[in-house]
1. What about G64, is it surrounded by fewer than 18 Cβ atoms within 10 Å (Cβ to Cβ) and not acidic (D, E)?
2. In this structure, is E51 modelled with pLDDT under 95 and within 26 Å of T85 (Cβ to Cβ)?
3. Filter the range 6-33 down to residues that are touching a residue at least 12 places away in the same chain (Cβ under 8 Å) and among the hydroxyl-bearing types (S, T, Y) and give me whichever is surrounded by the fewest Cβ atoms within 10 Å (Cβ to Cβ).
4. Within the range 97-107, is even one residue among the aliphatic types (A, V, I, L, M), out of contact with any Ser or Thr (no Cβ under 6 Å at 6 or more places or on another chain) and at pLDDT 95 or above?
5. Residues that are within 22 Å of F9 (Cα to Cα): find the strands (runs of 3 or more DSSP E) completely inside the range 24-135 holding 3 or more of those.
6. If you check every pair at least six apart or on different chains, which have Cβ atoms under 8 Å apart with a residue in the range 39-50 that is of a type outside the set (D, E) first and a residue that is surrounded by 14 or more Cβ atoms within 10 Å (Cβ to Cβ) and part of a loop (DSSP other than H, G, I, E, B) second?
7. Report the residue count in the range 48-72 for those that are β-branched (V, I, T) and either closer than 16 Å to L95 by Cα or within 13 Å of the chain's Cα centre (by Cα) (or both).
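The values are calculated or read from the model by the stated rules, or taken from the named source; none is laboratory data. Worth saying up front: this structure is predicted, and the values here are computed from it rather than measured. All Cβ positions, even for glycine, are placed from backbone atoms using ideal geometry, and neighbour counts span all protein chains on display.
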Amino acid sequence: MEYIDSSQFRNRFASMVLAGQGFPKKPLDRHILFISATFGLEPGKQYSERELNDKLRAWTGRFGQHVGLDHVTLRRFLVDEHYLTRDSGGERYELATADGAYTWDPGLRSLDLDVLVEEARQEKELKKQQYMRKR
């Protein structure tokens, strides 16, 4: 089982969103996206499909277009990759408690993903400006 630390998560998530190159090919990058999509969900709470879709739409509205994900595809991935459990009728969803392929720093749940991406965008712009001044 691989561990995703805070630095690795921050760098890869921001890079994927800023690059906007579609759904990542690397499994680690895909799982970083899946993990980030669960941050708006409360552990132990059961969600109706509608409630879950609303939460996932919020995530895809902010980040999904950059990585080629819509809320329905994301929901399927989260269930298939064991980040969410679904009842047998497909009506209730809950964050999975079982270990998946990756573990991560629990402090990541407190990250503001919008701020993370904006800070990375500003840093990238600053580096670009510094490069242009050197030329």
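1. Values: surrounded by fewer than 18 Cβ atoms within 10 Å (Cβ to Cβ): no; not acidic (D, E): yes.
So G64 does not fit the description; no.
2. Working: modelled with pLDDT under 95: no; within 26 Å of T85 (Cβ to Cβ): yes.
It is false that E51 is modelled with pLDDT under 95 and within 26 Å of T85 (Cβ to Cβ).
3. Applying the filter and picking the extreme gives S6.
4. Pass one, the range 97-107, residues among the aliphatic types (A, V, I, L, M): 98, 101.
Okay, now just the ones that are also out of contact with any Ser or Thr (no Cβ under 6 Å at 6 or more places or on another chain), so 98, 101.
Still in the list and also at pLDDT 95 or above: none.
No.
5. On the way: elements: 84-86, 92-95, 102-104.
Where strands (runs of 3 or more DSSP E) fall fully within the range 24-135 and carry at least 3 residues being within 22 Å of F9 (Cα to Cα), they are 102-104.
6. If the second residue must be surrounded by 14 or more Cβ atoms within 10 Å (Cβ to Cβ) and part of a loop (DSSP other than H, G, I, E, B), the pairs left are F39/L111; Y47/L41.
7. Filtering the range 48-72 down to residues β-branched (V, I, T) leaves 60, 67, 72.
Checking which are either closer than 16 Å to L95 by Cα or within 13 Å of the chain's Cα centre (by Cα) (or both) leaves us with 60, 67.
Of the residues in the range 48-72, 2 are β-branched (V, I, T) and either closer than 16 Å to L95 by Cα or within 13 Å of the chain's Cα centre (by Cα) (or both).
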